[in-house]
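Worksheet: one structure, shown below.
The values are calculated or read from the model by the stated rules, or taken from the named source; none is laboratory data. No experiment lies behind these values; they were computed from the predicted model shown. All Cβ positions, glycine included, derive from the backbone under ideal geometry; neighbour counts span all protein chains shown. We work out accessible area using only protein heavy atoms, side chains counted, and drop any ligands, DNA or RNA first. Shrake-Rupley method; radii C 1.70, N 1.55, O 1.52, S 1.80 Å.
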Amino acid sequence: MPAIGLLGDVMLGRSVGEHLREAPAEELWSDELRSLCASLDLMICNLECSVSERGERTRRIPGKPFFFRAPPSAVTALEAIKVRAVSLANNHALDYEEDALIDTRRLLADSGVVAAGEGQGVEAARRPAVVEAGGHRVGLLCVSDHPLEYAARPGRNGIAHAELRHGVPDWLLEGVAQLSERCEVTIVFPHWGPNMCTSPASWQRRAAAALQGAGASLVAGHSAHVFHGVEWSERGAVLFDLGDALDDYRVDPVRRNDLGVLAMWRPGPEGEELELVGLKLEFCHTGLARELDADWIAARLQRASAALGTRVDRVAENRFRIRPG
């Protein structure tokens, strides 16, 4: 079975985009991190911006404080870590309206990166992506629980939206079931929950269980900007939030949104393997966490996962093997 890497939020706009106009995209990532990503069969991330030179700031959400748009060259930053699939189901996909989202879709496709979680019309936005990796079909189904204003409408571009805190809608459960019949591996990749929360809500745990019950091989989420603990049910692992992977955000000194994780997951008929690699986000640059940063990740990950009944073994300075408790 394939070795699959998953990253949380990758934001290539604002200062990151300005940096990309002057420096090679490879410099956004450390040599070690690029090498690690290249060793995997498939890399997936949440692309939390549009990629375009077009569009005006949306007026759909009064008082919206942040707008993220990257230059077309930003796609090379994804290529630098071998990303071949992204989610666009998030709260920044339409920051610069439909023209910018259309450009994003085209630029990704031109670079061989498949996108899921957006489209013209509801059916297209909900359509999963299927990627070949390691000789197997991997299905990726992406959805966001916010904002409703960005949801795809008939004939209009937008994101796949579901109000997950009120239960998983039938269309999503049916989509997972159908995808699991087509693919050896089915990943549900939700953008859910509020910013800066440090643990999953009860509704997220219920939603993850429902998605696993419908046939998801893995549920891996993002949105909080900080990583959560891992739960391991009878059906497998749930990564409620992967945290940030690249950005220019202000750092919270307590919640440490400058520390994230790369998930390396290998499903298999005799059981899955899951390892997390600690990441350190600096200004427009991400590498592997070291020393005190790696220790902080270790302590946080062990506490948060223990609360969910999962065991974390530290196998190297910044690498952690996840097992059922």
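Structure data summary
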{"quantity": "Accessible solvent surface per residue of the chain, calculated while the other protein chains remain in place, 1.4 angstrom probe, Å²", "calculated": "40"}
{"quantity": "Neighbour-limited loop hits for chymotrypsin sites (Phe, Trp or Tyr not before Pro), the stretch 229-325 (at most 14 other Cβ within 10 Å; DSSP other than H, G, I, E, B)", "calculated": "Phe283"}
{"quantity": "Mean separation of Cα contacts under 8 Å, 6 or more apart, over the residue count of the stretch 66-126: relative contact order %", "calculated": "37"}
{"quantity": "Positive-end residue of Val51, Met11, Ala38, charge dipole of the stretch 4-58 with Cβ unit charges", "calculated": "Val51"}
{"quantity": "Within the stretch 99-123, backbone nitrogen closer than 13 Å to the virtual label 7 Å beyond the Cα of Arg156 toward Cβ", "calculated": "99, 120-122"}
{"quantity": "Per-residue [θ]222 nm for the chain (sum of -39500 (n - 2.57) over DSSP H runs n ≥ 4, rounded to 500)", "calculated": "-7500 deg cm²/dmol"}
{"quantity": "Label-point gap, in nm, between Glu163 and Arg290 - each point 7 angstrom along Cα→Cβ", "calculated": "4.9"}
{"quantity": "Sparse-neighbourhood loop sites, GluC sites (Glu not before Pro) in the stretch 241-325 - DSSP loop, at most 12 other Cβ within 10 angstrom", "calculated": "Glu270"}
{"quantity": "Protection proxy ranking of 86-92, 257-263, 241-247, 182-188 - average other beta-carbon atoms within 10 Å, highest first", "calculated": "86-92, 241-247, 257-263, 182-188"}
{"quantity": "Accessible surface of the stretch 194-272, 1.4 Å probe, proportion on carbon and sulfur as whole %", "calculated": "46"}
{"quantity": "Protein accessible area in the stretch 60-146, 1.4 Å probe - carbon and sulfur %", "calculated": "51"}
{"quantity": "Beta bridges by DSSP in the stretch 1-138, antiparallel share as percent, to the nearest 5", "calculated": "20"}
{"quantity": "Amide H contacts of Ala85 (H built 1.01 Å from N, under 5 Å, at least 5 apart or other chain)", "calculated": "Met43, Cys45, Val114"}
{"quantity": "Antiparallel %, DSSP beta bridges [both residues in the chain], to 5", "calculated": "55"}
{"quantity": "Whole-Hz couplings from phi, Karplus 6.51/-1.76/1.60, listed for the stretch 219-234; x for Gly and Pro", "calculated": "10, 9, x, 7, 2, 6, 6, 9, 6, 10, x, 9, 9, 10, 8, 4"}
{"quantity": "Rel. contact order, % - alpha carbon contacts under 8 angstrom, at least six apart, the chain", "calculated": "17"}
{"quantity": "Which labelled figure in [x] 73, 22, 16; [y] 47, 23, 19; [z] 26, 24, 19 is semi-axes √(5λ) of the Cα gyration tensor in Å, once derived from the coordinates", "calculated": "[z]"}
{"quantity": "Mean separation of Cα contacts under 8 Å (6+ apart) over length of the stretch 208-258, as relative contact order %", "calculated": "31"}
{"quantity": "Loop-resident sites, the stretch 210-279, for trypsin sites (Lys or Arg not before Pro), counting at most 14 other Cβ within 10 Å (DSSP)", "calculated": "Arg250"}
